[in-house]
Amino acid sequence: QVQLVESGGGLVQAGGSLRLSCAASGSISSINAMGWYRQAPGKQRELVADITRVGSINYADSAKGRFTISRDNAKNTVDLQMNSLKPEDTAVYYCNAAVRTRWPPRDYWGQGTQVTVSS
């Protein structure tokens, strides 16, 4: 099992910045990738960014140039630095850990942290 603990959400003005952090514990060696997803009211949960254990990164088009995902393998944490925030970034942000080398493969999720960007 994997447990994920998120921090860093909050209220910020448009153009501001927030840094989200996610700490993983449990069967950490089984994690293939970690990432951040978000879900706004009335919308599907969508990938924001993810990063593999060796550092390969994917960003949503909406995040490119504004958000940066990073990891610290020694501390088993992943961060999402969010700059130039827009009201449309308002959502609950969820940390994700993807386990693909166990059966059945599964995803673990954090509790979610609210990000609200005011205009």
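Matching residues to (1) out of contact with any Pro (no Cβ under 7 Å at 6 or more places or on another chain); (2) polar (S, T, N, Q); (3) in contact (Cβ under 8 Å) with a residue 24 or more places away in the chain:
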site	(1), (2), (3)
Ile51	yes, no, yes
Tyr59	yes, no, no
Arg66	yes, no, no
Asp72	yes, no, no
Val78	yes, no, yes
Asn83	yes, yes, yes
Val92	yes, no, yes
Any idea how many residues of segment 88-97 are of a type in the set (D, E, K, R) and either crowded, with 22+ Cβ neighbours inside 10 Å or touching a Ser or Thr at 6+ places or on another chain (Cβ under 7 Å) (or both)?
1
Within segment 46-87, how many residues are loosely packed, with under 13 Cβ neighbours inside 10 Å, among the small types (Gly, Ala, Ser) and within 17 Å of Ala33 (Cβ to Cβ)?
2
For segment 19-31, check the following and say yes or no: at least one residue is closer than 22 Å to Ser119 by Cα and touching a Gly at 6+ places or on another chain (Cβ under 6 Å).
yes
Going by the structure shown, is Val5 in contact (Cβ under 8 Å) with a residue 12 or more places away in the chain, within 16 Å of Ala98 (Cα to Cα), open to solvent by 30 Å² or more (accessible area, probe 1.4 Å) and assigned to a strand (DSSP E or B)?
yes
In segment 14-35, the residues that are without any contact (Cβ under 8 Å) to a residue 40 or more places away in the chain and either among the hydroxyl-bearing types (Ser, Thr, Tyr) or surrounded by fewer than 14 Cβ atoms within 10 Å (Cβ to Cβ) (or both)
Ser29
Based on what the data block shows, is Ser118 of a type in the set (Ser, Thr, Tyr), within 18 Å of Ala24 (Cα to Cα) and open to solvent by less than 90 Å² (accessible area, probe 1.4 Å)?
no
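The values are calculated or read from the model by the stated rules, or taken from the named source; none is laboratory data. Please read all numbers here as calculations on a predicted model, not as lab measurements. Neighbour counts are summed over all protein chains in view; Cβ atoms, including those assigned to glycine, are modelled from backbone coordinates with ideal geometry. Areas reflect the complete protein model, heavy atoms only, side chains present, ligands, DNA and RNA absent. Shrake-Rupley method; radii C 1.70, N 1.55, O 1.52, S 1.80 Å.
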